[in-house]
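Notes follow once the structure below has been shown.
The values are calculated or read from the model by the stated rules, or taken from the named source; none is laboratory data. This is a predicted model, so every value here is computed, not measured. Cβ placement follows ideal geometry from the backbone for every residue including glycine, while neighbour counts extend to all protein chains displayed. The accessibility values were calculated without ligands, DNA or RNA, using every heavy atom of the protein model including side chains. Shrake-Rupley method; radii C 1.70, N 1.55, O 1.52, S 1.80 Å.
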Amino acid sequence: MGSSYSTTSEDVNPVQKGASPSGEEYRTYYPRNSEDAVESFNILRQKLPSELVLDILDFAEYWVLSATHREDSMNYTENDCCDRAPYLTSEPIQGGRFPVQEIRINIWSHDQGWSSYREDHGSFRNSWTWFDLAIERPPGRDDISKNEDLRLATNVHARREATCHRIIYQRDQKIHWMQNLQAGDRIAIVPQARFPGWRNTVQKASIEIYTTPVL
């Protein structure tokens, strides 16, 4: 699907923080908005050329972060998925015309925990609960999702415990739909289930969108 994907059964925070070698905690800070980025730009360009400052800010990934999180256990059967209602939708994208640099999605979920296909238990084979990505655009904009693989993640077959699915999209992967996201667009996580007996249980999810500030 043109993304970095991993799963784990460990429970993690949507926006992570780590510990320094001395044992002290540190946080990664992002500009709250473009005004923060402009202030940083103006401070640095007092000592450095403007072109170099822009390169430094981009290399440092000094991007505006928009984070959305939902923690609410929901069950989805095939009938519940007919209208493709999202579990979580992002805030409108900020920035310039094509501002998105990175998208990080975390989903904690599992299926009904049983099936008649024992040979597939614990794998992704014949797993009929999954998640799609939806792109919501203001009226008048073209559909950029045509002919795109928008499956985000598939639940482990017949597992009762939640798995954390981590999906990362980066601009340098040159994913068509991502490169064409514009300010005002939104993305959403859409649970899916197919066939009687299959149930997609979502415990929580997060969407983080990193955008280039308007300088």
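Of all residues in region 30-41, exactly one satisfies the criterion of being open to solvent by less than 60 Å² (accessible area, probe 1.4 Å) and without any contact (Cβ under 8 Å) to a residue 24 or more places away in the chain, namely Ser40.
Here Thr201 passes the criteria (1) touching an Asp or Glu at 6+ places or on another chain (Cβ under 6 Å); (2) of a type in the set (S, T, N, Q); (3) farther than 24 Å from Arg32 by Cβ except the one numbered (1). Considering Leu44, Leu52, the condition of being among the aliphatic types (A, V, I, L, M), open to solvent by less than 70 Å² (accessible area, probe 1.4 Å) and not assigned by the TED database to the domain that holds Ile107 is satisfied by Leu44 alone.
Here Val156 meets each of (1) open to solvent by 50 Å² or more (accessible area, probe 1.4 Å); (2) more than 18 Å from the chain's Cα centre (by Cα) with one exception, condition (1). For region 105-131, the tally of residues that are among the charged types (D, E, K, R) and open to solvent by less than 80 Å² (accessible area, probe 1.4 Å) stands at 2. Before we move on, is Ile93 within 23 Å of Arg70 (Cβ to Cβ), open to solvent by less than 80 Å² (accessible area, probe 1.4 Å) and in a loop (DSSP other than H, G, I, E, B)? Answer is yes for this residue.
When each of Gly184, Gly197 is tested for being open to solvent by less than 50 Å² (accessible area, probe 1.4 Å) and within 28 Å of Phe41 (Cα to Cα), the lone residue that passes is Gly184. Flag: Asp172 does not match the condition of being within 17 Å of Ile187 (Cα to Cα) and of a type in the set (Asp, Glu). Residues in region 56-78 that are of a type in the set (Gly, Ala, Ser) and in contact (Cβ under 8 Å) with a residue 40 or more places away in the chain were compared, and the one that is farthest from Val190 (Cα to Cα) is Ser66. In a loop (DSSP other than H, G, I, E, B), open to solvent by less than 30 Å² (accessible area, probe 1.4 Å) and of a type outside the set (D, E, K, R), is that true of Ala134? It is false that Ala134 is in a loop (DSSP other than H, G, I, E, B), open to solvent by less than 30 Å² (accessible area, probe 1.4 Å) and of a type outside the set (D, E, K, R). Restricting region 8-29 to residues that are among the hydroxyl-bearing types (Ser, Thr, Tyr), modelled with pLDDT of 50 or more and open to solvent by 60 Å² or more (accessible area, probe 1.4 Å) leaves a set whose member that is farthest from Gln94 (Cα to Cα) is Ser9.
If you check Tyr62 against the conditions, is it surrounded by 16 or more Cβ atoms within 10 Å (Cβ to Cβ), aromatic (Phe, Trp, Tyr), farther than 17 Å from Gln203 by Cβ and at pLDDT 75 or above? Yes; evaluated as a whole, the condition is true for this residue. Here Phe98 clears all of (1) open to solvent by less than 80 Å² (accessible area, probe 1.4 Å); (2) within 30 Å of Asp172 (Cα to Cα); (3) in a strand (DSSP E or B) except the condition numbered (3). If you go through region 163-205 and keep only what is in contact with a helix residue (DSSP H, G or I) (Cβ under 6 Å, 6 or more places away or on another chain) and over 13 Å from Trp130 (Cα atoms), you end up with just Tyr169.
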